[in-house]
Amino acid sequence: MKRHVEISLLGFGEAAQAFLQGWRKACADAAFRAYDIKTAEGNTRIADAKREEYARLDVGGCAELWDAIEGASAVFSLVTADRAAEAAAEAAKLFPKGGYFFDCNSCAPGTKRQSAELIEAAGGRYVDTAVMAPVHPKLHETPLLLAGPHAVEAAAFLNNTLGMKAKVVEGGVGSASAIKMVRSIAMKGMEAVMLECVLAGRRAGVSETVLKSLDQTYPGFGFEKRAAYMMERAATHGVRRAAEMREVANTVRELGFDGWMADATALWEDRIGALKADLSGIDQEDPQAVADVLLDAIGVQQENEEDGQAA
């Protein structure tokens, strides 16, 4: 690396931690700071767990957002989709002049354009950034798409200084987001379809037969393994994915359609993610095993709802 840079991370979840792990090897001279709202929302257990993550990954954890972004060369916003606009608005109140704001959140193009106006008015350089694949195993080399007036120079910064894999797409702010959002209709939609198909099939006692039939109809897709993976992703990250899908639905509505598929996907992701099902003790590549854990958790959830209504 040719020069010292100060990198700020807003949100310190899976994506931020994955990027950081990669940067540690690629950017020996960079300094990293992080701010996560979980340390400020009053739940001591959750806040302490986040501070432990700061310590474990040797990042400067900040108690205030201002401390995290002050003097930063680049700020990476990696919060949940439903908090992205809020994070940009707060950062804009004291944003470092000339600093990059990489909005990596899965938001509707309209949401990103609103955030861009605030950051640009504060003197920052807003970059619409779409993360186009899971952050594991590629970490900081996960493919990114960039759009907006600063995209070309921002791509050079990411690729040359931080060792990332960013490409520029044509169009203004929102262009990269539109690609990610429209793609998610299919990608997260398939997760919802697999959830409904396998869970219903398991209760009916026909899920194995159904998946084998699908493999015969679409040879090479690998429905059993993919179904298990999709259900695991929803169980592990469903709440975050639901927030993204609500932004996808907003995107579809911005384009003049109703967003029914995206809305339905958000409902499934939210429901499965809220179960907090423990899949650690099973073969996570077995869709029947994953389905059984989720069905048990749904049963408990339904019993609790019935008890609450009776009370």
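Structure values in brief
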item: Unique match (being under 23 Å from Arg241 (Cα atoms) and either in contact (Cβ under 8 Å) with a residue 40 or more places away in the chain or buried (at least 19 other Cβ atoms within 10 Å of the Cβ) (or both)) among Val59, Val79; result: Val79
item: Complete set of residues in the range 162-183 that are in a helix (DSSP H, G or I) and crowded, with 20+ Cβ neighbours inside 10 Å; result: Ser175, Ala176, Ser177, Ala178, Lys180, Met181
item: Verdict on Val198 being more than 20 Å from Ala15 (Cβ to Cβ), at pLDDT 95 or above, within 20 Å of the chain's Cα centre (by Cα) and not hydroxyl-bearing (Ser, Thr, Tyr); result: no
item: Residue that is nearest to Pro287 (Cα to Cα), among those in the range 203-218 that are among the hydrophobic types (A, V, I, L, M, F, W, C) and surrounded by 12 or more Cβ atoms within 10 Å (Cβ to Cβ); result: Leu211
item: Criterion (assigned to a helix (DSSP H, G or I) and either among the small types (Gly, Ala, Ser) or within 23 Å of Lys225 (Cβ to Cβ) (or both)) met by exactly one of Gly273, Gly281, Gly256; result: Gly273
item: Meets criteria (charged (D, E, K, R), in contact with a His (Cβ under 6 Å, 6 or more places away or on another chain), in the same structural domain as Asn159 (by TED's automatic domain parsing) and modelled with pLDDT under 95) for Asp58; result: no
item: Residue match in the range 84-107 (condition: modelled with pLDDT of 95 or more, crowded, with 19+ Cβ neighbours inside 10 Å and touching a Cys at 6+ places or on another chain (Cβ under 9 Å)); result: yes
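The values are calculated or read from the model by the stated rules, or taken from the named source; none is laboratory data. Quantities reported herein were computed from a predicted structural model and do not represent experimental measurements. When we count neighbours, we look across all protein chains shown, and the Cβ atoms used for this are built from the backbone with ideal geometry, even at glycine.
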